[in-house]
């Protein structure tokens, strides 16, 4: 029996607005409990919601970025249920008339193939507060700082067919929301949360199997593992002749298994109805056009431009364009020094290394784009070799100054005087008659010995290309 | 304690808001004297009437003193220092706001409703918070945790509801005016039962920020007074756009006093035939028709109209209001404020007993009806159906207003009924609002003026206008009051 | 569509209301009564009629994304029945 996994993902993205969706409370992460919760957030009697325009614009921005239909008239609804971190006893969300309709996201898999995954809809809703179960022996503590923070819930069509595809979709979504600047997408802090709807069916079957919803998975890795283990669980049950129950499950990363949530005996009847304290949200073409002007060049288009304009390989272009800040940095470097390939290598290689090690993002790079461009220019104009450049770069990272300053102070200028190099080579050859004999008798590998000696003697400053040419010549004799 | 009740102050207690402004300006008495007199009278009569739940004597005197000082310095606002009362549905910072419920008996509001802020800015002196049906659900003020309110005209009768406390207080001269709210008739019907002028403006005219929600799309604040002129003064203070309320409408507030005297020649008055049919007490009808002829004398033309779907208004209302209320009242859960049951065993127990004990029977019933109407399988048949009926009712009014300028009729089918007489059968209670409910469903402004006495008890004439026609309604009420004296009748207490 | 006691129990549960046995039967009879009044609506034909949510036709106003609120924890937590370490306390919830 060949089984196929069917996955739909519901991703909740916390929008990076300064204030909450319906109140003017701050949204900064990590504040002391209940210091960012006003009378509305606490659902005190008589309080009322007013919609944050920026949250609306961010939602529309997302919709435009995935080519989705934008709901010109969207409606907020009350989703009713009781839980202590839900102060009003209902969540204001959107049911039948979401702000964003059907769109799509193109994902690239490890093997380089791409698939277009449908996005059913995206809507705005308020986040709930936090329940802290571990602090008190007999009580749960409720922190409402997070209550009312704007969320964008993005629902995919059930078109994903493997755990890997799910992760690719999630990563693409993550990169996109960072690109758009609508969220910091930090899964560990909860700015992006993923629920996975997983079901299995026989290959070739057109009907969907019963699905289970796995809630609140908070890392890409766990998403993959949770889907795999859940699919297996379902396959095992079905192969044993059992039935899948439609239910909500939690993924336990320690045990790598999914567990049925201690669910309410009666299924939740949310009793949705339109929010009477809000009016329908009506936006016109001008509003949408204004949001459109704030759209950055999106990753796919940027990558293509990098390939056509800068002549980068698809791989390099994709890597650089995946993060907007990195892409922008690269372009500054490339335009300043005129060598796209070298710029790409340095940004993706040495710079990324440094950033990764110091856990910095490119916005906090110790070496600015222009400074890096200067360094690359010195390679191009033969002032220094690529190898020496690495030493210079290290010094730049340490804050020792610009490329020129360091080259000067450390005397790292490349020796390009052929006469001097020739002289040096003559000295080395004269000092190593044995190796000369070995080379001339056919041991080509000895060549690198000579190169090494020359470089050592010149303290790395001899221009490697020239060394190569002159040495070859001299040794030929 | 020496009594404030000199003949002069006794007289002062009979004055309405407009007159008091003149008296204070003339320095006939001070605001502190006036406030003391009211507080004494409240002390004397409130135990029988139960109109006030909280009396804010100390605060009132502080406010009165500030008004007197401002007046002495020549910087007083025109109505500064005039006492009044707030229905206990408006959040008043630092003062208990209980909404007639055990659930909020210990709730000291940490902020002011917009209406409260506006009254404070006008310099008005708050005497206290008035009794009301629990969470505004009622038509007789018999569902309050603080006990029923008595009609000052006859203590065995109800004052009407849900703003029964405000109505009784104004009618018994325990304040010259009081704020109130109206979701299905809760200002107009008590006005009718107590011989007062009560106005519920267009939905969106007055801010709902800080006004404890019952049914969000129907609730509207208003005022109960003893004259149209007083109502105009208070409406002026309370009205206006509020960015904190998404349903607040940004329409300029006209000068309501400026147009009070406008002649009404040529005015077309529509009389809905459904409001003059079976169920209307014949004596009441007689008084209403007599009142209507007053308008004819002044040049108005009467015309019979039909509000075809009138008979469905109570049904639609009793789906929509409870549905919205069922969600609005979910926040009362014992977690962040208000009542919490004793020694909850677990979370479910805490929710169920807190809400079971904190809410009264009528509130629980309406929450259940609302929950049912919204539940899976019933949403279309009840909630959506009711909203469609609401559209039909609004269309009826729109059609009517193409032929007439205002609509008039009885506010209530009869005079005030005895306490306890309708508490057994909810439907008969609900039918109390048969003439008023449709106005809330359509979001239109409605006013009730005293229009006669039947067996010594007051009855009211309801006047309904187009959106934002409050100035016209007040004008008509004022003209009526210049030609008649029903509004000057007050009970002996 | 006649309501039964079990329906009352279910609705009361959805609404988190504790009702005693007497209260439940009282609620059943009154609510049944009210529902038959409400059912009068079914007689009218509303095919093609648009539901009306508010008395007026207007659209939602948008708020600027500005922080306008300050820390009011001390003031607001005073209202609560049970607090500790700046948190609202409820009987422990088992997930």
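The values are calculated or read from the model by the stated rules, or taken from the named source; none is laboratory data. Please read all numbers here as calculations on a predicted model, not as lab measurements. Here the Cβ is made from the backbone with ideal geometry for all residues, glycine too, and neighbour counts use every protein chain on show.
Quick rundown of the values:
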| item | result |
| --- | --- |
| Test: residue in region B:251-260 that is within 14 Å of another protein chain (Cβ to nearest Cβ) and either surrounded by fewer than 16 Cβ atoms within 10 Å (Cβ to Cβ) or in contact with a helix residue (DSSP H, G or I) (Cβ under 8 Å, 6 or more places away or on another chain) (or both) | yes |
| Every residue from region B:387-412 that is more than 14 Å from chain C (Cβ to nearest Cβ) and over 18 Å from the mean Cα position of the chain (by Cα) | B:399, B:400, B:402, B:403, B:404, B:405, B:406, B:407, B:408, B:409 |
| Qualifying positions in region B:325-364 - in contact with a helix residue (DSSP H, G or I) (Cβ under 7 Å, 6 or more places away or on another chain) and within 30 Å of residue B:386 (Cα to Cα) | B:325, B:326, B:329, B:332, B:333, B:358, B:359, B:360, B:362, B:363 |
| Residue in region B:446-464 that is out of contact with any strand residue (DSSP E or B) (no Cβ under 8 Å at 6 or more places or on another chain), modelled with pLDDT of 95 or more and buried (at least 21 other Cβ atoms within 10 Å of the Cβ) present | no |
| Unique residue being more than 14 Å from every other protein chain (Cβ to nearest Cβ) and part of a helix (DSSP H, G or I) when the list is A:254, A:318 | A:318 |
| Residue within region A:425-447 that is in contact with a helix residue (DSSP H, G or I) (Cβ under 9 Å, 6 or more places away or on another chain), under 19 Å from residue A:383 (Cα atoms) and touching a residue at least 12 places away in the same chain (Cβ under 8 Å) present | no |
| Residues of region A:313-351 satisfying the condition of being in contact with a helix residue (DSSP H, G or I) (Cβ under 8 Å, 6 or more places away or on another chain) and under 16 Å from residue A:108 (Cβ atoms) | A:313, A:314, A:316, A:317, A:318, A:319, A:320, A:321, A:322, A:323 |
| Wholly enclosed helices (runs of 4 or more DSSP H) of region B:271-367 bearing at least 2 residues surrounded by fewer than 19 Cβ atoms within 10 Å (Cβ to Cβ) and in contact (Cβ under 8 Å) with a residue 60 or more places away in the chain | B:282-297 |
| Residue among A:33, A:49, A:84 that is surrounded by 24 or more Cβ atoms within 10 Å (Cβ to Cβ) and either part of a loop (DSSP other than H, G, I, E, B) or in contact (Cβ under 8 Å) with a residue 40 or more places away in the chain (or both) | A:84 |
| Test: residue in region A:112-132 that is within 14 Å of chain B (Cβ to nearest Cβ) and in a loop (DSSP other than H, G, I, E, B) | yes |
| Members of region B:337-348 that are within 29 Å of the chain's Cα centre (by Cα) and at the interface with chain C (Cβ under 7 Å from one of its Cβ atoms) | B:337 |
| Subset tally (residues that are within 14 Å of chain C (Cβ to nearest Cβ) and part of a loop (DSSP other than H, G, I, E, B)) for region A:133-169 | 12 |
| When residues of region A:37-46 are limited to those that are under 19 Å from residue A:150 (Cβ atoms) and within 7 Å of another protein chain (Cβ to nearest Cβ), the one surrounded by the most Cβ atoms within 10 Å (Cβ to Cβ) | A:42 |
| Tally, over region B:114-135, of residues that are within 12 Å of another protein chain (Cβ to nearest Cβ) and within 16 Å of the chain's Cα centre (by Cα) | 3 |
| Residue identified as assigned by TED's automatic domain parsing to the domain that holds residue A:309, under 26 Å from residue A:184 (Cβ atoms), touching a helix residue (DSSP H, G or I) at 6+ places or on another chain (Cβ under 8 Å) and in a helix (DSSP H, G or I) among A:392, A:354 | A:354 |
| Residues within region A:172-183 that are assigned to a loop (DSSP other than H, G, I, E, B) and in contact with a helix residue (DSSP H, G or I) (Cβ under 7 Å, 6 or more places away or on another chain), tallied | 2 |
| In region A:125-161, the residues that are under 28 Å from residue A:207 (Cα atoms) and out of contact with any strand residue (DSSP E or B) (no Cβ under 6 Å at 6 or more places or on another chain) | A:161 |
| Failed criterion for residue C:39 (all others in (1) more than 7 Å from chain B (Cβ to nearest Cβ); (2) crowded, with 18+ Cβ neighbours inside 10 Å hold) | (2) |
| Lone unmet requirement of (1) in contact (Cβ under 8 Å) with a residue 40 or more places away in the chain; (2) over 18 Å from the mean Cα position of the chain (by Cα); (3) outside any helix (DSSP H, G or I) for residue A:288 | (3) |
| Residues that are surrounded by fewer than 17 Cβ atoms within 10 Å (Cβ to Cβ) and modelled with pLDDT of 90 or more, drawn from region A:381-390 | A:390 |
| Residue in region C:54-72 that is at the interface with chain B (Cβ under 7 Å from one of its Cβ atoms), under 27 Å from the mean Cα position of the chain (by Cα) and surrounded by fewer than 12 Cβ atoms within 10 Å (Cβ to Cβ) present | no |
| From A:217, A:227, residue being buried (at least 17 other Cβ atoms within 10 Å of the Cβ), farther than 28 Å from residue A:90 by Cα, more than 12 Å from chain B (Cβ to nearest Cβ) and within 34 Å of the chain's Cα centre (by Cα) | A:227 |
| Given (1) out of contact with any helix residue (DSSP H, G or I) (no Cβ under 8 Å at 6 or more places or on another chain); (2) at pLDDT 95 or above, number of the condition residue B:380 does not satisfy | (2) |
| Within region B:382-493, helices (runs of 4 or more DSSP H) holding 3 or more residues that are without any contact (Cβ under 8 Å) to a residue 60 or more places away in the chain | B:385-403 |
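Condition check ((1) surrounded by 20 or more Cβ atoms within 10 Å (Cβ to Cβ); (2) in contact (Cβ under 8 Å) with a residue 24 or more places away in the chain) across all residues:
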| position | (1), (2) |
| --- | --- |
| A:53 | no, no |
| A:93 | no, yes |
| A:100 | yes, yes |
| A:108 | no, yes |
| A:124 | yes, yes |
| A:127 | yes, yes |
| A:142 | yes, yes |
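Let's see how each residue does on (1) over 27 Å from residue A:174 (Cα atoms); (2) crowded, with 17+ Cβ neighbours inside 10 Å; (3) in the same structural domain as residue A:174 (by TED's automatic domain parsing):
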{"site": "A:242", "(1), (2), (3)": "yes, no, yes"}
{"site": "A:268", "(1), (2), (3)": "yes, no, yes"}
{"site": "A:282", "(1), (2), (3)": "yes, no, yes"}
{"site": "A:302", "(1), (2), (3)": "no, yes, no"}
{"site": "A:313", "(1), (2), (3)": "no, no, no"}
{"site": "A:334", "(1), (2), (3)": "no, yes, no"}
{"site": "A:338", "(1), (2), (3)": "yes, no, no"}
